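Remarks on the structure that follows.
Nothing in this text is a laboratory measurement; each read-out follows from the coordinates by a stated rule. The model shown is predicted, which means the values in this text are computed figures rather than measured ones. Note that each Cβ is placed from the backbone with ideal geometry, even for glycine, and that neighbours are counted across all protein chains shown.
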Amino acid sequence: MLELLNTPKGDPILSIMSVFRADERPEKIDLGIGVYKDENGQTPIMQAVRSAEIRLANNATTKSYMGLVGDESFNKAIQALVLGNTQAQTRAATLQTPGASGALSTLADLIKLARPDARVWIGNPSYINHRPIMQKAGLEVMEYPYLDLKTKKVNEEAMLKAIAALGPKDVLLLHGCCHNPSGADLSMKTWEEITLLAQKNGFLPFVDIAYQGLGDGMDEDAAGLRFLVDRVDEALVSTSCSKNFGLYRERIGAAIVVAKTLQKAKETRMHMGELARGTYSMPPAHGAAIVAEILNDAALKSQWNSELEAMRKRVVHLRKKLVETFRKKTNSDRFDYIGSHKGMFSMTGLSNEQIAKLQKEHAIYVVPGGRVNIAGLRESQIEAFVSAFVDVGA
């Protein structure tokens, strides 16, 4: 039977990771894998996380299953973190999942269960996992225009024109903040326009917010999402604790459903639990326990907020330094878009040939499409990075 399987293509990002690790050049720079790194090139463990883990280890009494919905203290805390003081909080329910991809998968299965003929609209470009996860659930995937490759900004006019044609059988998948892979975020005005269109045309908003706190701030990054969910009858939200808590390997995320009533939201979560039962069954406990411990303890939460803010400011500083260095090297402002982007990534528009040359001649690794992980860059590497980009004709 196994001989009938074709040779897999392999994940483009994970493939780059393998090549990078095998590269023996000491000056090599990995800007492909989407993880935050400090000036020492390490992905650090937050002190708030370490403190929470020690406390949990000392107080743990069992390793029994969590149950289908996961850790309820985590669910409540993460829902409040995402939705804030919105009216939507009173008619929402949350399911703990293995990472944001687990949330995306569960919500995709929920869409298929509720409306088998639904079409899910994703941006061009969008997160690399959006299309395969939706298609694996048996959903039709369509695209709306998002990034203007020339300006590196959101083509909001073209995007809104496409969205205006959506109807009740359509699901609109949006990035809540810090767009992956482009770094270009929606304006508040566009969030308002999308909300009006959802109210008028009846499509279902689905917001993936995996980088809350790494753009403009915790509440600022969720402002568009909160405006939207407060004003529509139904919405779906997926979120992750990989980036803002640094819990990449713990695989902790959540699926949030906002419905007309709290009762309907709770019923929908029961369906989500049943769907989870048929895939991963019950979520892992450790990551959720860490997050719940931090968010439910004033001192730990304050410490975490401070650490996250320091990470955010470091990325903003790196963007500023990149813009300054590019201006000096090129005597132009064509790289100023890097300073306007939010979060960890920027889409540079590099060709495959330029990407290959960066890797071969400069030991700099970026993913196909030219996405650069700004948060993976050290300030000490900026001069070399900019010079390499100029050399390959960026």
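Can you find, within segment 258-273, the residue that is surrounded by the fewest Cβ atoms within 10 Å (Cβ to Cβ) among those that are in contact with a Lys or Arg (Cβ under 6 Å, 6 or more places away or on another chain) and part of a helix (DSSP H, G or I)? Across segment 258-273, the extreme among qualifying residues is Leu262. Checking Leu174, Leu214, Leu186, Leu228 one by one, the residue that is aliphatic (A, V, I, L, M), out of contact with any His (no Cβ under 9 Å at 6 or more places or on another chain) and more than 25 Å from Thr268 (Cα to Cα) is Leu214 and no other. If you filter segment 139-155 down to residues that are outside any strand (DSSP E or B) and in contact with a helix residue (DSSP H, G or I) (Cβ under 8 Å, 6 or more places away or on another chain), you find that the one that is farthest from Phe206 (Cα to Cα) is Thr151.
In the set (1) in a loop (DSSP other than H, G, I, E, B); (2) surrounded by fewer than 16 Cβ atoms within 10 Å (Cβ to Cβ); (3) touching a residue at least 60 places away in the same chain (Cβ under 8 Å), Ser242 fails one condition alone, (2). The residues listed here are Ala255, Ala158, Ala162; of these, the one that is under 19 Å from Leu95 (Cα atoms) and either out of contact with any Lys or Arg (no Cβ under 8 Å at 6 or more places or on another chain) or not in a helix (DSSP H, G or I) (or both) is Ala255. Being crowded, with 23+ Cβ neighbours inside 10 Å and assigned to a strand (DSSP E or B) is the requirement here; does Val207 meet it? So Val207 passes the test.
Among residues of segment 1-24 being outside any loop (DSSP other than H, G, I, E, B) and polar (S, T, N, Q), the one that is nearest to Gly370 (Cα to Cα) is Ser15.
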